[in-house]
Amino acid sequence: MTSPLSPSASSSFPPSLTSSDPRAAARRALRTGRVLTSIGLLGVFAAYVRAIAFTAVEGTQGPAQKIMYVHVPSAWCAFLAFGIVGICSGLYLWLGDRRLDTFSEASAEVGVVLTALVLMTGPIWGKPIWGTWWQWEPRLTSTLFLFFLFVGYLTLRRAMFDPAERARYSAVVGILGAMLVPFIHLSVYMFRTIHPRPVVLNPEGPTMPGSFVATLLFSLAAFTLLYLGLVTTRYGLGRLRELREARHVSAA
Amino acid sequence: MFLLREPPDNGSYMLAAYTIVAVVLVAYSLTLMVRARNEEQREQ
């Protein structure tokens, strides 16, 4: 297998693929992605109905507390997306399989969209509860940096034309970006911050009523399914584009 | 004796957040599907 660090990597692009027909595999990914995305969107709609109509209003915060049912799942899926970017990037540097790089790009793009949602819904929740749209405190600021970092990652990819070089540099940025994720998760323990600590994933167990936790878990499942659908569709799209470009290069 | 208090009336914030999330997710999903269809057509 050609190492992505070797000088010959760019000339051997794309590396040998294990699938017998890579185009058929990409089209299969697109079909699977469309189905998962449709189911995921229906799931998110069902989560909306459950949160708005069938979950009690919290007494202190009022209806604004229900923003949690979209804010927390968006954040969870964004962190999952960037974690997968880090893992796939590391595996790409090790194995040199081009599909890992394509999957990293797909996951980063979906992660950026989800982080944008986190950064929009957070202040809308914060204004009625904290009395301010934004605070330059560790959790919020580091999430904003994570967003900028992965926007930079996607920009870097579009600025480089040599596929092997692009994949190699992107993998390094992807790994560094993913390393921010556990730091952001732990920032509420490490620093004084107005952002609340995790309400489900904390050592003492969930600190909310059972019906709130059930709605949150339902929404988490729906958003995760939607993430899987979006990332699979984006991966299939990326693969088809790469294979078309590789055909043009070999024909020229 | 319990003191009952009405929750604050801030449902508009919830509606704004839910609307933004729905619009962004549906728009991005549709964009991806259209891009995928265009790429498939270009292939053929």
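What follows draws every value from the coordinates through simple rules; no lab data is involved. Source: prediction; values computed, not measured. All Cβ positions, glycine included, derive from the backbone under ideal geometry; neighbour counts span all protein chains shown.
Over the C-alpha trace of region A:16-69, radius of gyration and Dmax come out as 19.6, 60 angstrom. Diffusion of chain A by Stokes-Einstein, at 20 °C in a medium of 1.002 mPa s and with Rh set to the Kirkwood radius over alpha-carbon pairs, works out to 109 µm²/s. Each Lys or Arg adds one and each Asp or Glu takes one away; over the other residues whose Cβ falls under 14 Å from the Cβ of A:Leu140, this sums to +2. Rg and Dmax, both from the Cα atoms of region A:86-227 and both in Å, are 17.5, 53.
Dipole magnitude for the protein assembly as shown: computed about the Cα centre from +1 point charges on Lys and Arg Cβ and -1 point charges on Asp and Glu Cβ, it is near 520 debye. By the Cα gyration tensor, chain B has an equivalent ellipsoid whose semi-axes, rounded to whole angstrom, run 47, 8, 3 from largest to smallest. Given the DSSP H assignment, sum -39500 (n - 2.57) over each helix run of at least 4 residues in the protein assembly as shown and divide by its residue total; what's the result at 222 nm in deg cm²/dmol, nearest 500? It comes out at -26000 deg cm²/dmol, rounded to the nearest 500.
What's the FRET efficiency of A:Arg247 with A:Glu137 using the Cβ-Cβ distance as r and R₀ = 51 Å, to the nearest 0.05? Given R0 = 51 Å and the Cβ-Cβ separation, E is 0.50.
Scanning chain A for chymotrypsin sites (Phe, Trp or Tyr not before Pro) in DSSP loops with at most 15 neighbouring Cβ atoms within 10 Å leaves A:55-132 as the longest stretch between them.
For region A:21-251, the residue among A:Gly62, A:Trp125, A:Val49 whose Cα projects farthest onto the positive side of the dipole built from Cβ charges is A:Val49. Comparing mean-square fluctuations of A:Glu165, A:Glu105, A:Glu204 from a GNM of chain A with C-alpha springs under 10 Å, the top value falls on A:Glu204.
Using the Cβ of A:Gly126 as centre and a radius below 14 Å, the other residues enclosed give a net charge of +1, where K and R count +1 and D and E count -1. Would you be so kind as to identify which of A:Ala75, A:Met160, A:Phe218 lies farthest towards the positive end of the dipole of the protein assembly as shown, taking Lys and Arg as +1 and Asp and Glu as -1 on Cβ and the Cα centre as origin? Selected residue: A:Met160.
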